[in-house]
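Computed from the coordinates by the stated procedures, all read-outs in this text should not be read as laboratory data. Given the structure is predicted, the values throughout are model-derived calculations rather than measurements. All Cβ positions, glycine included, derive from the backbone under ideal geometry; neighbour counts span all protein chains shown.
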Amino acid sequence: MTAPRLAGLTGATLETTPSVCQSCVWWQTRGHREPDKRKWAERAESEWGVWGSIYRDEDGRVLGSMQYGPSQLFPLPRTTPSWLPART
């Protein structure tokens, strides 16, 4: 069995992810304003570079994908319980 293949997630490879992921901006949302995913991807790549990974099996089927980068590119976690706990 061959190990899964890993590829960088960018605006160019975004179209190879599941369709539900291609326009999703859940983690990129700040307040009530939803960014355009393509514009966000361009900004992320110019400021950070590759902003995620795509995992494929030996036949090229997508097993999963993950987005990552600096916190300023993903503002929503700061407003949810997933952010750092308050210091007491």
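Between Ser23 and Val50, the simple spin-label model (points 7 angstrom out along Cα→Cβ) gives 2.8 nm. Only Lys, Arg, Asp and Glu carry charge here, each on its Cβ (+1 for the first two, -1 for the last two); on that basis the chain has a dipole of about 400 debye about its Cα centre. Farthest toward the positive end of the dipole of region 5-79, out of Pro18, Thr29, Ala7, is the Cα of Thr29, where the dipole comes from beta carbon charges about the Cα centre.
What's the angle, to the nearest 10 degrees (0 to 90), between helix 37-47's Cα axis and the longest principal axis of the chain? Relative to the chain, helix 37-47 is tipped by roughly 90 degrees.
The mean sequence distance of close C-alpha pairs (under 8 Å, at least 6 residues apart), as a share of the length of the chain, puts its relative contact order at 36 percent.
When the chain is treated as a Gaussian network with alpha carbon springs shorter than 10 Å, the biggest mean-square fluctuation among Glu47, Glu58, Glu15 belongs to Glu58. When shorter helices are ignored and each DSSP H run of at least 4 residues is given -39500 (n - 2.57), the per-residue value for the chain at 222 nm works out to -4500 deg cm²/dmol.
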